[in-house]
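The values are calculated or read from the model by the stated rules, or taken from the named source; none is laboratory data. As the structure is a prediction and not an experimental result, all values here were calculated from the model. Here the Cβ is made from the backbone with ideal geometry for all residues, glycine too, and neighbour counts use every protein chain on show.
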Amino acid sequence: MTIMGCCARSPDSSDRFSNRCFNLFPCLSDPVRRSTLCLRLALVTLHLIFVGFIFIFNEEFREKSKNQPLYTSIYILLVFATLVQYFFTSGSSPGYVIDGMREFSRTEALSRASEISKQPASSKNGNVVVTIDKNQLGENFSGNNPMNWTKLVLDMYPPGTSARTYTCSYCNVVQPPRSKHCHDCDRCVLQFDHHCVWLGTCIGQGNHCRFWWYILEETALCIWTGILYIKYLQASFDKAWLVDVLVIIMLSILSIALIFLLLLLLFHSYLVVTNQTTYELVRRRRIPYMRSIPERVYPFSKGACRNLYNFCFAKTSIYAMEPLPGALELEQMSVPYTCLDVISCRCCC
Ligand SMILES: [Zn+2]
Ligand SMILES: [Zn+2]
């Protein structure tokens, strides 16, 4: 009876505790936000454990910190930069189609307003009177002008393409080329790459560059920390064996993480150079407008150098969209490489 009573009471008390927590921190009531928060906490804790271990047990490192403070400062700066980059990337927008649609409507409304203001205005007693259709402007600002958006998306496909538009049944928006609906975010993402569980967000047009930098910083931090662990083992292999065993376990985890990070960095560098996304590479046959394109042709590539430049510097807006090339351009891209092409760096320009 007592056991049954305890069992019956425990869910109520846990519910009460949960409700108290949710009242104190309202953001915890949302399961998605709760899991994101847990992920972030786990990441910070992991970094603190792996980095803190060196500061606590590595005497040589502590000595070096006193003699060469710049060395330690750069290491701490790298740890800090990696964590900042993580939060920066996970909190950034991947570029949602619905936001792109609103941005397009806003730009269109503003350009229309400026056109109206440039028109010869009616004159009353010599005073210039500028008339703007407020209803029209309001309609555009609210993003409720899907016809113009549909036309814009249609124009991104070359004439004669069989699958020209696709309307997402979840968001009810016309998807431009390279976008896809993410079931985790429940929104369509422009230039969808993948949904990153580790970051708790989608990787798309708006944050792919940040994501690449995050992997680079994490890889550099992993290499540096690994070197410090190896140096520690070399210096004190015959001293405290229990600590050594712990260092070996942590070094093994670091090595696995490093292999994964290096492969990820190489893979995403390849995607950047060829202007592809993970989704386009993996599911090429499932994307209607990609099916007819030969295997080795990257339709959105503008040459390795231009792709790299566009990825790093040229993006003026996270909602800028790339049209699908026409049949003639695709034919030119599919021409096999000759020795002359290699010499003239055809792949780069
Ligand atoms: Zn959608
Ligand atoms: Zn997502």
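So that you can scan it fast, the table gives a plain yes or no per residue for (1) buried (at least 16 other Cβ atoms within 10 Å of the Cβ); (2) of a type outside the set (S, T, N, Q); (3) in contact with a Gly (Cβ under 7 Å, 6 or more places away or on another chain):
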residue	(1), (2), (3)
ARG285	no, yes, no
LYS302	no, yes, no
TYR309	no, yes, no
PHE313	no, yes, no
TYR319	yes, yes, yes
ALA327	no, yes, no
SER334	no, no, no
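Scan the stretch 31-38 and give yes if some residue there is modelled with pLDDT of 85 or more, under 29 Å from CYS171 (Cβ atoms) and surrounded by 15 or more Cβ atoms within 10 Å (Cβ to Cβ), otherwise no. Yes, the stretch 31-38 contains at least one residue that is modelled with pLDDT of 85 or more, under 29 Å from CYS171 (Cβ atoms) and surrounded by 15 or more Cβ atoms within 10 Å (Cβ to Cβ). Within the stretch 161-182, the set of residues being away from ligand 2 (no atom under 16 Å from the Cβ), part of a loop (DSSP other than H, G, I, E, B) and not aliphatic (A, V, I, L, M) comprises THR161, SER162, ARG164, THR165, SER169, ASN172, PRO176, PRO177. Scanning the stretch 169-179 for residues that are touching a residue at least 60 places away in the same chain (Cβ under 8 Å) and either within 8 Å of ligand 1 (Cβ to nearest atom) or of a type in the set (Ser, Thr, Tyr) (or both) turns up CYS171, VAL173, GLN175, SER179.
Of all the numbered requirements in (1) surrounded by 17 or more Cβ atoms within 10 Å (Cβ to Cβ); (2) more than 26 Å from the chain's Cα centre (by Cα); (3) touching a residue at least 40 places away in the same chain (Cβ under 8 Å), ARG102 misses one, and that requirement is (2).
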